[in-house]
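Input: a single structure, listed below in C-alpha cells.
The values are calculated or read from the model by the stated rules, or taken from the named source; none is laboratory data. Source: prediction; values computed, not measured. Using ideal geometry, Cβ is built from the backbone for each residue, glycine included, and neighbour counts are taken over all protein chains shown.
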Amino acid sequence: MSFVEVSVELGCAELRLSRGKVNAINEEVVDQLHAEFEGLRGDESVRAVTLTGTGAFFSFGFDIPWFYEFAREDFTRYLTKFAELINYIFMYPKPVIAAVNGHAIAGGCMLASACDHRVMVTGKAKISLNEITFGATVFQGATEQMRYWVGSAMTQEMLFSGAMYSAEQAEQFGLIQQAVNPEELKATVSQTVDRFARLEQPAFASLKKLLREPVVEGAARKEADAIEEFVNIWYSDGVRENLRKIEIRD
Amino acid sequence: MSFVEVSVELGCAELRLSRGKVNAINEEVVDQLHAEFEGLRGDESVRAVTLTGTGAFFSFGFDIPWFYEFAREDFTRYLTKFAELINYIFMYPKPVIAAVNGHAIAGGCMLASACDHRVMVTGKAKISLNEITFGATVFQGATEQMRYWVGSAMTQEMLFSGAMYSAEQAEQFGLIQQAVNPEELKATVSQTVDRFARLEQPAFASLKKLLREPVVEGAARKEADAIEEFVNIWYSDGVRENLRKIEIRD
Amino acid sequence: MSFVEVSVELGCAELRLSRGKVNAINEEVVDQLHAEFEGLRGDESVRAVTLTGTGAFFSFGFDIPWFYEFAREDFTRYLTKFAELINYIFMYPKPVIAAVNGHAIAGGCMLASACDHRVMVTGKAKISLNEITFGATVFQGATEQMRYWVGSAMTQEMLFSGAMYSAEQAEQFGLIQQAVNPEELKATVSQTVDRFARLEQPAFASLKKLLREPVVEGAARKEADAIEEFVNIWYSDGVRENLRKIEIRD
C-alpha cells in the first residue's frame, strides 16, 4: 500500500504524504519516502522536489498507536531509519521545498525542517516539537537541524516548552520562510520551487553540502547513543502510560 | 564558613550566593557551589534549582584582591575548577534558573549564563563580560556558552566592547529571557521555576544533553590551552597593575 | 607592480586595494595582501589595520578574465592561497576593520567578512556572495565565516539567492556593523579603528582566538575537498561558458 503519492510536472516532483487523516509516520512511510527520494535523485529532468501532506495535516508525527506494540529492537530499527531519512533529505543534492499544508508536529516538524525552505499555511495549523509534553525526547540530528534554522537558544525554547506555533509565529523566529493564506499555498510554493529549480544544479548541490555537511557529521557521531536514550525513555513506565492514551483516528 | 545559602521549598532548591557586599567568587565559593549542586543532583524530590545572589549583586565576578597574592599554579587550579563548574551547571540534568537580582559581571555573568533561563531585574543592575576592560581574557567554555545564547557575532560584540548591559538591553539580544521590575523578581522566578519543575525529568535531561553536549565537548578540547593563556595574560605586568587597583569593599 | 597601497598613521595601518577600476583579485593581490599583513603583524607600533578599496569598489571579487586561461593546477594553487588568506585575516591577532567604500562582491565580500568589523557606505554599493548566479560555488572557510556573522539560515539565504544587498539591508541582518553615508565613511572608520586600537592587545588577541579558532579549525578539515569541488565546477562546460561572458573593464 502506498502512503506517498508522487507526481512530476515541468521538472518538479511532488511527494504527498497520504496516510489516514493525519499522515502519521510509520516504518512504511519512512521506507517509501526514502525510496521515492532515491528514485528522483538520479533523474536529471527533476530539478526540485516538493514535500507536502493531505487534508489538515502535513504530518502529525509518529503513528504512536501503531508503534505501541513494537519490541524495543524493532522500534530502534525504525528510529535509526527515521534519523537517517531526515539527514538524507537535509543533504539531498536537489532543492526540497516543504509545502506545509497543515499541522507539522514532532516527527512531522522534523520532516519539514529537513527541507530547504518551508511555506506554511496560516490559520489553525501548528508546527511544534512537542515531544516533552508526553515525556519523550528527540534525536541529535533533529536538534542540530533545528539549531541550523533558528539557533541554539530558540531550539531550546521550542524543545523545553513543546509549544505549538502558528505559521506567523514560526516565520517570526525563522523556522518558516513564508507564511501564506491556505488559498495562496499552491501558487506560492510553485513560485518558490520555480526559483530553486532555475539554480545551476552543481553549484546548488555544492553550496548545500558546504552548509549542511558539518551539521550532519557533528550529529552523526552522537546519534546511536541518542537513539538508545530515546528508546530507554520511550519504554519507561511513565511514557508508556502517556503513549497508551494517544489515539490517532484514521 | 558558608558562602552559599541553601533552602528547599516545594521541590525547588534555591542556592543563594552570600559573600560580602558583591558576592565575589573565590575558590571556596566554587567548591561550595559545586558541592551543593552535587548534593541536590541525586535528590529526586528536588525538581529544579534557582541560583541567585544577595543585595545589589548577583555576583561581581572573581574576588580579584583575594587572588592577587595567588601563585600561578594555585590560580590555574582555581580557574580549572571554575571552568569545570560552569560546564557542570550548563550540563546539570535538572532545570537551573538564574534569578539575577543585581549586577552579574565577568565570572558572575558566566555563572548566570550557565543556567537554563535568566530572569533579571531592571534598574541599575548590569550584566557584562567586561574582562577586556582590565586586560584579561575568558575561557573557551564561557565563550561557547555565550555563543549558545546570543550567537557568534553578539558574543564578539560583548567580549570586544566589555559593555555593561541593562536587563532590558540583554533581553533584546537574547542573553536575558525575562527582564522584570525588582519587586516582581520573586514571583516571576517562582512561576518560571514551577513551569520547568513540571517537565518530565528524563525527557528534560535528555533534551538538555542533546542541546548542550556538543557545545561543552567542543570547548573542552581547548580549555587547558585557554586556561594557560588566561594565566599568562593575568600575570603579565600590565594586567597585574590593573588588577592591583581593583578593590572590592566588603 | 603593487596593488596594495600601505599607509600608517598614528599606529593604525591602512591597506588599500588598488587594481584597475574594480580592484579585482588575482594571485598577485593575494600574495601582496598576505605579505603586507605579515609585515605589520610583528610591528608593535601598529595597533589596528584597515582594509579598504579605491573608487566605487571595495572589490568585485576574482579577476575572472585573468583566471580564464589558467590551468586547473594553477587555479587550485590560487584558490588554496585565497582560502588561506581569508583564514589568516580572520585569525589575525590585531583588529582588522573593513572600510567598505563600494561594492564587495563574491571574493570581495569574503575579504570584508574576514575582518572584525565592517563599516559600509550607503547608496549604490552592494555586498553579495553571488557565486550561484554564474554557477560557481564557495569555500568551506568562507561559509563558516559567514555563518559566524549571520547564522546558518541567513548564510543559506545569501548563498542560494546570490542576492545583492545594500549596506542598510546588510546591517539589518548583521553582516555590516555600521552603514554610513559615503561622506561619513572616513570619520566613522577612524573612530571605530581608534576604539579597537585602544583595547589591550594580548586580551584582544586571546578573545579573538577563543571566538575564531573553533570556526577556522572546523572549516580547515574540509577545505581541500571543498576546493577540489570548487575547481571541478569552475571548469565544467556550463560555468566556463558563463565565465567567458564576464568582462571586467579596467
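When B:Val8 is tested against (1) of a type in the set (A, V, I, L, M, F, W, C); (2) surrounded by fewer than 17 Cβ atoms within 10 Å (Cβ to Cβ); (3) within 15 Å of the chain's Cα centre (by Cα), exactly one condition is not met: (3). Return a yes/no flag: does region A:77-91 have any residue that is within 23 Å of A:Val180 (Cβ to Cβ), of a type outside the set (A, V, I, L, M) and touching a residue at least 12 places away in the same chain (Cβ under 8 Å). Checking region A:77-91: not a single residue is within 23 Å of A:Val180 (Cβ to Cβ), of a type outside the set (A, V, I, L, M) and touching a residue at least 12 places away in the same chain (Cβ under 8 Å).
Considering only region B:130-153, state which residues are over 18 Å from B:Ala219 (Cα atoms) and facing chain C (nearest Cβ under 10 Å).
Listed by number, the residues that qualify are B:Glu131, B:Ile132, B:Thr133, B:Phe134, B:Gly135, B:Ala136.
Looking at region A:202-212, is at least one residue out of contact with any helix residue (DSSP H, G or I) (no Cβ under 7 Å at 6 or more places or on another chain) and surrounded by fewer than 17 Cβ atoms within 10 Å (Cβ to Cβ)? Looking for residues that are out of contact with any helix residue (DSSP H, G or I) (no Cβ under 7 Å at 6 or more places or on another chain) and surrounded by fewer than 17 Cβ atoms within 10 Å (Cβ to Cβ), one finds none in region A:202-212, hence no.
One residue stands out among those in region B:107-127 that are more than 11 Å from the chain's Cα centre (by Cα) and assigned to a strand (DSSP E or B): the one that is surrounded by the fewest Cβ atoms within 10 Å (Cβ to Cβ), which is B:His117. Can you find a residue that is closer than 21 Å to C:Glu28 by Cα and surrounded by fewer than 20 Cβ atoms within 10 Å (Cβ to Cβ) anywhere in region C:86-106? The answer is yes; a qualifying residue exists. When C:Ala163 is tested against (1) part of a helix (DSSP H, G or I); (2) away from chain B (no Cβ under 11 Å); (3) under 23 Å from A:Leu175 (Cα atoms), only condition (1) is not met.
With respect to the conditions (1) within 15 Å of A:Ser166 (Cα to Cα); (2) modelled with pLDDT under 95, A:Met120 falls short on a single one, namely (2).
Considering (1) touching a Gly at 6+ places or on another chain (Cβ under 8 Å); (2) among the hydroxyl-bearing types (Ser, Thr, Tyr); (3) part of a strand (DSSP E or B), the lone condition that B:Ser45 does not fulfil carries the number (3). Residues considered: A:Thr80, A:Thr54. Of these, the only one that is in a loop (DSSP other than H, G, I, E, B) and either at pLDDT below 95 or not aliphatic (A, V, I, L, M) (or both) is A:Thr54.
Among the residues of region B:219-229, those that are of a type outside the set (D, E, K, R) and touching a helix residue (DSSP H, G or I) at 6+ places or on another chain (Cβ under 6 Å) comprise B:Ala219, B:Ala226, B:Ile227. Just to be sure, is A:Ala170 more than 27 Å from C:Glu223 (Cα to Cα), more than 19 Å from the chain's Cα centre (by Cα), within 14 Å of chain C (Cβ to nearest Cβ) and buried (at least 19 other Cβ atoms within 10 Å of the Cβ)? In short, no. For the residues C:Arg240, C:Arg212, C:Arg147, the requirement of being farther than 26 Å from B:Val150 by Cα and out of contact with any strand residue (DSSP E or B) (no Cβ under 9 Å at 6 or more places or on another chain) singles out C:Arg240. Restricting attention to region C:27-49, which residues are surrounded by fewer than 23 Cβ atoms within 10 Å (Cβ to Cβ), of a type outside the set (Asp, Glu) and within 21 Å of C:Pro202 (Cα to Cα)? Matches in region C:27-49: C:Phe37, C:Gly39, C:Leu40, C:Arg41, C:Gly42, C:Ser45, C:Val46, C:Arg47. If you take the residues in region C:40-62 that are under 17 Å from the mean Cα position of the chain (by Cα) and hydroxyl-bearing (Ser, Thr, Tyr), which one is farthest from C:Asn101 (Cα to Cα)? Among those that are under 17 Å from the mean Cα position of the chain (by Cα) and hydroxyl-bearing (Ser, Thr, Tyr), it is C:Thr50. The residues on offer are C:Glu144, C:Glu157, and the sole one that is part of a helix (DSSP H, G or I), among the charged types (D, E, K, R) and touching a residue at least 40 places away in the same chain (Cβ under 8 Å) is C:Glu144. Among the residues of region C:96-136, the one identified as out of contact with any Asp or Glu (no Cβ under 6 Å at 6 or more places or on another chain), closer than 20 Å to C:Lys81 by Cβ and of a type in the set (Val, Ile, Thr) is C:Ile105.
The one condition from (1) in contact with a Cys (Cβ under 8 Å, 6 or more places away or on another chain); (2) at pLDDT below 95 that C:Val49 does not meet is (2).
Kindly provide the set of residues from region B:131-142 that are surrounded by fewer than 24 Cβ atoms within 10 Å (Cβ to Cβ) and of a type in the set (Ser, Thr, Tyr), ordered by number. Residue satisfying the conditions is B:Thr133 alone.
Taking C:Leu175, is it crowded, with 17+ Cβ neighbours inside 10 Å, more than 30 Å from C:Glu69 (Cβ to Cβ), touching a Leu at 6+ places or on another chain (Cβ under 7 Å) and within 14 Å of chain B (Cβ to nearest Cβ)? In short, no.
Can you give me the ranges of the helices (runs of 4 or more DSSP H) entirely in region B:180-250 with at least 1 residues that are at pLDDT 95 or above and at the interface with chain A (Cβ under 9 Å from one of its Cβ atoms)?
B:185-197, B:201-234
In region C:1-24, the residues that are modelled with pLDDT under 95 form Cβ pairs under 6 Å with partners that are among the polar types (S, T, N, Q), at six or more places apart or across chains, as follows: C:Gly11/C:Ser45.
Summed over region C:83-101, residues that are touching a Lys or Arg at 6+ places or on another chain (Cβ under 8 Å) and part of a loop (DSSP other than H, G, I, E, B) total 5. Within region B:109-123, residues that are more than 14 Å from chain A (Cβ to nearest Cβ) reach partners that are in a helix (DSSP H, G or I) and polar (S, T, N, Q) with beta carbons closer than 7 Å, at six or more positions or on different chains, in the pairs B:Val119/B:Thr188; B:Val119/B:Thr192.
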